[in-house]
Every structure is written in structure tokens, then in C-alpha cells.
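This report concerns only the one structure given below.
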Amino acid sequence: AIELAERVAHYAPGDLNRVFFTSGGGEAVETAWKLAKNYFKVTGKQYKHKVISRAIAYHGTTHGAMAITGLPNMKKDFEPVAPGGFRAPNTNLYRHPEFADDPKAFGRWAADRIEEAILFEGPDTVAAVFLEPVQNSGGCFVPPPGYFERVREICDRHDVLLVSDEVICAFGRLGTMF
């Protein structure tokens, strides 16, 4: 485990140098949510506990991860799920033909819906935004140009963590390790 952690950390971007192993993606997502809530608790912001994710996004079926998953049929037999999960539109440009000639404007529109959700719930209550870099459920949605940069700005402005759920697209599946 130590040798593998060193290898994974070596491939990670920037100064990311810590590895936490789980048994699967749902457990990783649930652990990330717990870490986000605990981070804010120990930094004096104990009311930050909610999560924003995208509609039609799959983040797992453990009890906590189901609250983040944006697929109603995956959750209906287990409701009520853990409270605190809220949705913003996904980045399926096909479903928004009004932006067909301007994918960058679509990216800004979709990112701004995340900010709307944060503002609606209250920035003092939102701990994290969970996004797959390439959303897999419902199709393989590559984010439009500028989308992630805009989401990063929004999260920074509102003191919200941005969690990259890379279970589907990491470890070389898209040509790079992350």
C-alpha cells in the first residue's frame, strides 16, 4: 500500500501528495463528503455540510453517495437518502440547442447554475461541489470550454471545496493519469 500510494502521488497533478485508498468509487465519494464536512467543522464553519452535484451524475450507491448521485431511479428504493445533496444542470450541450453556436457560453451558463444553487442554499451551508471531469451517466459529457475554470472561481469565491470524482476518467482512461 505504501509503494502504491507513492506511485499514485507521483502521477497526481500539482502538489497533491496524499493518497487515501477505499474499496470503490462510492466509498471514495462518501469519504470525500465526510472529509469536507469535517474540514469545515474543525475550521469553525460547522454549518457547511451540503453538497452540490449535477443532474444525471452517478457518484455511487452507498447511503451518503446516493445523496450526491443525480439519478432518481438509483435512489427511490432507499429514500429518504442522507440530507444535503442538491443538483445543478449537467453539461449535455445536446439538450441545450440554444447554445449550439457558443459552447463557451453554455459552459458559463452551466457553471452559473452551480453558483445559483450555492447562493440558494446559502454559501455558509455548502461544503462542496462534486463533479466528474467527464460525466459518464447519461452519455459521455465532456465539459464545455471554460466550465471548470468558472466552477473553480465560484467555489473559491464562496469558500466551497471542489471535489473531482475521477473514478471513470482517471488512471489513463483519457490519455493522462488524472
* Asked: Among all residue pairs at least 6 apart or on different chains, which show Cβ distances below 7 Å where the first residue, located in segment 91-117, is touching a residue at least 40 places away in the same chain (Cβ under 8 Å) and farther than 20 Å from Phe130 by Cβ and the second is open to solvent by 60 Å² or more (accessible area, probe 1.4 Å) and not in a helix (DSSP H, G or I)?
  -> Pro103/Pro145; Lys104/Pro145
* To do: Pull up segment 8-23, narrow it to residues that are touching a residue at least 40 places away in the same chain (Cβ under 8 Å) and not hydroxyl-bearing (Ser, Thr, Tyr), then point me to the one that is surrounded by the fewest Cβ atoms within 10 Å (Cβ to Cβ).
  => Pro13
* Asked: Any residue in segment 152-170 that is in contact with a helix residue (DSSP H, G or I) (Cβ under 7 Å, 6 or more places away or on another chain), under 22 Å from Met74 (Cβ atoms), surrounded by 17 or more Cβ atoms within 10 Å (Cβ to Cβ) and β-branched (Val, Ile, Thr)?
  -> yes
* Unique match (being closer than 27 Å to Ala1 by Cβ, in contact (Cβ under 8 Å) with a residue 24 or more places away in the chain and under 11 Å from the mean Cα position of the chain (by Cα)) among Val51, Val29 -> Val29
* How many of the residues making up segment 31-54 are outside any helix (DSSP H, G or I), polar (S, T, N, Q) and more than 14 Å from Gly85 (Cα to Cα)? -> 2
* So which of Phe120, Phe106 is of a type in the set (A, V, I, L, M, F, W, C) and more than 19 Å from Gly138 (Cβ to Cβ)? -> Phe120
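The values are calculated or read from the model by the stated rules, or taken from the named source; none is laboratory data. Bear in mind that the values here come from a model prediction, so they are computed numbers and not experimental data. Glycine gets a Cβ as well: all are built from the backbone with ideal geometry, and neighbour counts include every protein chain shown. Side chains included, ligands, DNA and RNA excluded: accessible areas come from the protein's heavy atoms. Shrake-Rupley method; radii C 1.70, N 1.55, O 1.52, S 1.80 Å.
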